1. Starting from residues that are in contact with a Ser or Thr (Cβ under 9 Å, 6 or more places away or on another chain) and β-branched (V, I, T), keep the ones in the range A:90-109 and report whichever is nearest to the other protein chains (Cβ to nearest Cβ).
2. Could you count how many residues in the range B:426-457 are of a type in the set (G, A, S), assigned to a helix (DSSP H, G or I), within 14 Å of chain A (Cβ to nearest Cβ) and buried (at least 22 other Cβ atoms within 10 Å of the Cβ)?
3. Taking the range A:70-89 as the search range and keeping residues that are of a type outside the set (A, V, I, L, M) and in contact with a Leu (Cβ under 9 Å, 6 or more places away or on another chain), which one is nearest to the other protein chains (Cβ to nearest Cβ)?
4. Identify all residues within the range B:250-278 that are free of Cβ contacts under 8 Å to residues at least 60 places away in the same chain and in a helix (DSSP H, G or I); write none if there are none.
5. Going by the conditions given, is B:L160 assigned to a helix (DSSP H, G or I), over 20 Å from B:C54 (Cα atoms) and within 14 Å of chain A (Cβ to nearest Cβ)?
6. I'd like to check which helices (runs of 4 or more DSSP H) are fully inside the range B:35-138 and have at least 3 residues that are surrounded by fewer than 16 Cβ atoms within 10 Å (Cβ to Cβ).
7. Being more than 7 Å from chain A (Cβ to nearest Cβ), surrounded by fewer than 20 Cβ atoms within 10 Å (Cβ to Cβ), in a helix (DSSP H, G or I) and out of contact with any Lys or Arg (no Cβ under 8 Å at 6 or more places or on another chain) is the filter here; which residues of the range B:172-203 pass it?
8. Quick test for you: out of A:K94, A:K49, A:K142, pick the one residue that is farther than 28 Å from B:W215 by Cβ and of a type in the set (K, R).
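The values are calculated or read from the model by the stated rules, or taken from the named source; none is laboratory data. Given the structure is predicted, the values throughout are model-derived calculations rather than measurements. With ideal geometry, Cβ positions are generated from the backbone for all residues, glycine too; neighbour counts draw on all protein chains shown.
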Amino acid sequence: MANKVIYAVYEDPEQLKDGARKLVSSGVKVKDVYSPFPVHGLDPIIGIKRTRLGIAAFMYGIGGTSLAVLGITYFMIWDWPMNIGGKPSQALYKNIPAFIPVIFEFTVLCAAHGMAITYMIRNKTLPGMPARNPDPRTTDDKFIIEVRTADNHGHSAETITSLLRTTPVFEINERQY
Amino acid sequence: MHAEAAIREPLILGHRTYHDITNDIVGPIENKAPRGWYVLITIAGLIAAYGVGCIMYLLSKGVGVWGLNKTVDWAWDITNFVWWVGIGHAGTLISAVLLLFRQKWRMAINRSAEAMTIFAVIMAGTFPLIHMGRLWVGYWVFPLPNQFGSLWTNFNSPLLWDVFAISTYFSVSLVFWYIGLIPDFATIRDRLTKPGMKRFYSILSFGWTGNAKAWTRFEEVSLVLAGVATPLVFSVHSVVSFDFATSVIPGWHTTIFPPYFVSGAVFSGFAMVQTLLLVMRKVMHLEAYITKKHVEYMNIVIIVTGSIVGVAYITELFISWYSGVEYESYAFINRATGPYWWAYWSMMTCNVISPQLFWFKKLRTNLAFTFFMSIIVNIGMWFERFVIIVTSLHRDYMPSSWTMFHPTWVDVGTFLGTIGIFFTLYLLFARYFPVVALNELKSILKTSGESYKKEAAHHHHH
């Protein structure tokens, strides 16, 4: 039997969540959900873990702080110390108040751009990437649950479809793949 | 589902569906531009071209073509720089600070305010660069290995802090803006049928799919970027104020400068947002999304920040007397009563007195009055920078070097030119980009939309 992919199309995020809840509680694995905006409260239902992008941003930020401190120490203290308006240039700890602005800005620069680049790569949203949403209406006003029969050996396409029919679904599309 | 109190005014008027929102925002991009747009962009483009011409002339002749002299060696150039950076403060404030405070009204205005920020910061960055005279060595501001015995940039200097602050602010704002734009470009991509346009938006949308995990990441990125952009916004104008505050010029050497500059920046930024949005909502028929309530909220920010600026002016004046430093007190007496009294009193009227009129609800909900005030505030804020910079310099310690500043046609042309470039960029944005964050608006439609709120209230009564 060929594998099938079932798209359950909803018109409202709350109805979509009801549908997803029903599927999951009947033991059907939801492959993915496509929506025009973030549907709050959906992730725990379909078993999506919290993203670690925040941790990544923190690491990039700390990296930026370290790099800024190291760079400024090299430029201003080791390589070419200058007497500028009598500001102490012999040791980092003495001159550091004047360096805080740049250290801060560089931390933000690295945290923000590091996170943004990681986000783009993880989401596969990069220049030239093809769109992978199954239906163009998911970026407008439709919310789609994707279920694959290959992930659900205990359920036939018919049982999944009839289960979906008990929810306020707008339409159901099936495709072979 | 998150519910909202019935007494809160709706943020989306009338009855709208998700599809209506897409139609209302993407429609103007698909249709032919109204004739007014061609007229405006022609005017803005001509002014921009004149400005570019002035800049080319400046670069070929040298900074001497500006009206700067030995005493007043900073004038319109830095005034314009600070003015534009200030205007560039509203966008990220709206999208970052208001996001952290969960202010939903930001969603209708953040996109265009951020665009304004980016264009304003580009205009701001132009001034220090052309002020160098030798634009082609502009990269010397970065600590790059070089063959001058490896002479590094001076990290003790606020001018270098500015380089880092402005470039970080610009690039982070740009990324924040673009990340929000990606899902909206995808909406346009999936809707358009003309192959050329579809291809264009397909490239801009980076292959956005809108699956559950992507949206989770999207929200995390928005939140964290808002978190880091918030202190960034405050740091940028603080650093700009350090350009003056760390010097020893009476009138500049003031510890009040950072908060005073930041609130002034937010004040002028919101004024510019009002100038642009009041026109845009009318021309693009966005009255249902950018409502009177939005305008009122922004006017409230203008009263608050305008009052902070007012308090700062008066504090400065008081401290100049209370400090007992005669140079300091002379600098301030001279501002108010010297040959530049007209600039000082224009600043006082525009920035301190006029925003107080917004205490009247009738006035702050009046769109024509708001538009008028937004222009007044921006004139006032330009004068503020002019007063700080020129009046503090023109009377040196040595009376024999006292002089006035007279702008040349190149000063005027360069400034007007940046306004032209700014409006050209903004008009292009309004024509080809989704001017309202579609995906964000859709997420609040059922909680803050007028018809849905009425329905919920109705439901509640039975």
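1. For the range A:90-109, the residue satisfying everything is A:V108.
2. Count: 1.
3. Checked the range A:70-89; the qualifying residue nearest to the other protein chains (Cβ to nearest Cβ) is A:W80.
4. Once the filter is applied, which keeps residues that are free of Cβ contacts under 8 Å to residues at least 60 places away in the same chain and in a helix (DSSP H, G or I), the range B:250-278 yields B:F257, B:P258, B:P259, B:Y260, B:S263.
5. yes
6. Passing ranges, in order: B:35-61.
7. B:L174, B:Y178, B:P195, B:G196, B:M197, B:R199, B:F200
8. A:K94
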